[in-house]
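The values are calculated or read from the model by the stated rules, or taken from the named source; none is laboratory data. Everything numeric here is computed off the predicted structure, so don't read it as measured data. For neighbour counting, all protein chains shown are included, and Cβ atoms are generated from backbone atoms with ideal geometry for every residue, glycine included.
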Amino acid sequence: MTGREQSPPRGTRRGGGREAQRAERREAILRAAMELIAERGYRSTSLAAVAERAGLTQQGLLHHFPNKELLLVGVLEARDRWDLASAAAASGAGSTDLLAQLVDYNATRPGLVRTYTVLSGDSVTEGHPARAFFESRFRAVREALADALRSEFGDVLPGGLTPERAAPLLVAVMDGLQLQWLLDPENVDMPASFRDFLALLGAGAEPAAKPDGPPQAT
């Protein structure tokens, strides 16, 4: 053998490059879709507009996401990944503090919250392209919340519930508050109401102070 390192087989190098390029394009599509949904709402966000924002043809976009529903699921999956990354960066906070911060953050992005709410409701129908995503997501979220609550509080929360019994309530309250807030943002203060629920749950949060004026959606 010579002292020079051998190059990887050409096919391997080319294949790895293609996979990286595909991942970059997929990420660009998801970010473009997320931006447009935030700007216009999901119903007014077309595949053509997403393709243009991402610098692709519509046919190129369809190669990654064959229909709009699957693109929206991809956006929600990406949102979850980015939220988890943010939570990891703030890992010094307790689990309920992180949840309250997530609710605060969601109050700044109604377009994505609306997309999630509509898709999750539609997904209960048989054969919906997002059904498998939401079935898996809700199971994973309940398990993750139960683990987080157990890590923070032990086998019984201050209010007397086990983490497994409290986890579905947390999910239900978060999603239910999002729906009420989307329908009536001037009268439903989603972050304050969530903190009120944490206080009722006995998780150690103080009830939110009542604002001087009606809450405003961003």
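Key figures
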quantity	calculated
Residue under evaluation Thr108, criteria (1) touching a residue at least 40 places away in the same chain (Cβ under 8 Å); (2) within 18 Å of the chain's Cα centre (by Cα); (3) crowded, with 19+ Cβ neighbours inside 10 Å, criterion not met	(3)
Answer from Ile29, Ile37 - the residue that is among the aliphatic types (A, V, I, L, M), modelled with pLDDT under 90 and not assigned by TED's automatic domain parsing to the domain that holds Gln180	Ile37
Qualifying residue in the range 46-66 (condition: outside the structural domain of Glu152 (by TED's automatic domain parsing) and at pLDDT below 85)	no
Residue match in the range 159-166 (condition: within 20 Å of the chain's Cα centre (by Cα), among the hydrophobic types (A, V, I, L, M, F, W, C) and closer than 22 Å to Asp80 by Cβ)	no
Qualifying position, being under 26 Å from Lys68 (Cα atoms), among the acidic types (Asp, Glu) and modelled with pLDDT of 90 or more, among Asp196, Asp175	Asp175
